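The values are calculated or read from the model by the stated rules, or taken from the named source; none is laboratory data. As the structure is a prediction and not an experimental result, all values here were calculated from the model. Cβ: placed from backbone, ideal geometry, glycine included. Neighbour counts: every protein chain shown.
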Amino acid sequence: MMNQIPKHGKSERRKLNEAVPIKYNADTSAIHWLFIKEHSVQDKTAEKPAHRTLFIINVPPYCSEECLRHMLSPCGNVTAVEFHQTPTSRVSLPEQSAFFPTQLPIR
């Protein structure tokens, strides 16, 4: 996946708010846009530290954790990638499915 994420020095602190064009592969002319900003919430957690957590929307279904790690690696060390249906400050739970319950039924 091709990307054009702006590179900034570690000492440079600026408000991140970027629209990043990506392609599924180099041979296609179709561009998909990711919208990236610093994740800021009122409920601070150690798992999602301020100034080190990104909020990315419009992630295509073919973009996996490995894909995001690869895409963001030029910007610095990627310690974790989490997918959520809605914005949250909570830590993601182990794989949950809307269709198949992960808990045993009550008997």
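Would you confirm whether or not the stretch 8-18 contains a residue that is modelled with pLDDT of 70 or more and at negative phi? Within the stretch 8-18 (the criterion being modelled with pLDDT of 70 or more and at negative phi), the answer is yes, since at least one residue qualifies.
Within the stretch 59-91, being basic (Lys, Arg) and assigned to a helix (DSSP H, G or I) holds for one residue alone: ARG69.
Of all residues in the stretch 53-76, which are hydroxyl-bearing (Ser, Thr, Tyr) and closer than 20 Å to SER40 by Cα?
Of the stretch 53-76, the ones hydroxyl-bearing (Ser, Thr, Tyr) are 53, 62, 64, 73.
Answer for the stretch 53-76, where residues must be hydroxyl-bearing (Ser, Thr, Tyr) and closer than 20 Å to SER40 by Cα: just THR53.
Residues of the stretch 23-79 that are on the phi > 0 side of the Ramachandran plot and either of a type in the set (S, T, N, Q) or in contact (Cβ under 8 Å) with a residue 40 or more places away in the chain (or both): ASN58, GLY76.
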